[in-house]
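Down below is the structure, laid out as structure tokens.
The values are calculated or read from the model by the stated rules, or taken from the named source; none is laboratory data. As the structure is a prediction and not an experimental result, all values here were calculated from the model. Cβ: placed from backbone, ideal geometry, glycine included. Neighbour counts: every protein chain shown.
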Amino acid sequence: MLEIKVLTLFPDMVRAVLETSILGRAQAQGQVRYEVTDIRDFSVDKHRTVDDTPYGGGAGMIMMASCIVEAVEAVRTSDASPVLLTSPQGDRLDERLTLELLAEAESEGEIILVCGHYKGIDERAQDILGMREISIGDYVLSGGELPALVIVDAMVRRVAGVLHDAASADCDSFTAERDGGLDCPWYTKPPVYRELAIPEVLLTGHHAKIEQWRQEQARARTRARRPDLLGEPDAKIAPER
Ligand code: ADE
């Protein structure tokens, strides 16, 4: 079973999300196990301080190296376990990187995510731990909890057996089935809503034709909305699992 260990200053916030919906079900079904650790437990003073002002001056607070290093060392079972640090300066997450991280996590049996905070962390934590920095996009959030949860969600839904209908994930946006591009439009009942009828082909029962229509729609949508995904398809396609 894959162990996902999250180190955070806001354990209640992280636990609440991990217990909900598909993430919660994955743990209930025994496919993953979450362990949430409060970084403050590794503070060395009675005020449970975890941050201080930057040497050399400047605005903002910096997380101390010791809390992070000792928290990671306490939870990891092996030096080979992947350790991620959420950071706007990291490698940008996409479906391909998600699957790469998941494969590494599954081969080691665990993955550790450190939620960055404040202005940043003392660089010596990185010198010691060599964490892989992951960004969820080119914008700055006020904490690393949401990015860590985004990374966990993107990974866990690709763990075998977590989604009831795995075929539905196979044709999501960014998958090989979609040539690394966007997904097609989808419809459900009723067939007419506010005078809008669903495309007729979907009622024909002709599976090959429906699949062809979906591929065409997906390609058109990708061309219109995300032409960047067409440029270098191989680089964008998440490999099959
Ligand atoms: N922390 C703050 N902003 C972030 C981002 N965009 N990605 C990952 N971690 C972050």
Checklist entry - From the set of residues in the stretch 79-120 that are small (Gly, Ala, Ser) and at pLDDT below 95, which is farthest from the ligand (Cβ to nearest atom)? => result GLY120
Next on the checklist: Of everything in the stretch 123-151, what is closer than 21 Å to ALA65 by Cβ and in a helix (DSSP H, G or I)? Give them in sequence order.
Outcome noted: GLU123, ARG124, ALA125, GLN126, ASP127, ILE128, LEU129, GLU145, PRO147, ALA148
Next on the checklist: Of all residues being within 20 Å of GLY120 (Cα to Cα) and either surrounded by fewer than 21 Cβ atoms within 10 Å (Cβ to Cβ) or β-branched (Val, Ile, Thr) (or both) in the stretch 66-78, which is nearest to the ligand (Cβ to nearest atom)? Just the residue, please.
Outcome noted: ILE68
Checklist entry - Any idea which of (1) within 16 Å of the ligand (Cβ to nearest atom); (2) without any contact (Cβ under 8 Å) to a residue 12 or more places away in the chain; (3) closer than 28 Å to SER107 by Cα is the one SER142 doesn't satisfy? => result (3)
Item to check | Candidates ASP179, ASP153, filtered to the one that is within 18 Å of ILE22 (Cα to Cα) and not β-branched (Val, Ile, Thr) | outcome: ASP153
Checklist entry - Any chance the stretch 219-238 includes a residue that's of a type outside the set (D, E, K, R), part of a loop (DSSP other than H, G, I, E, B) and closer than 28 Å to MET13 by Cβ? => result no
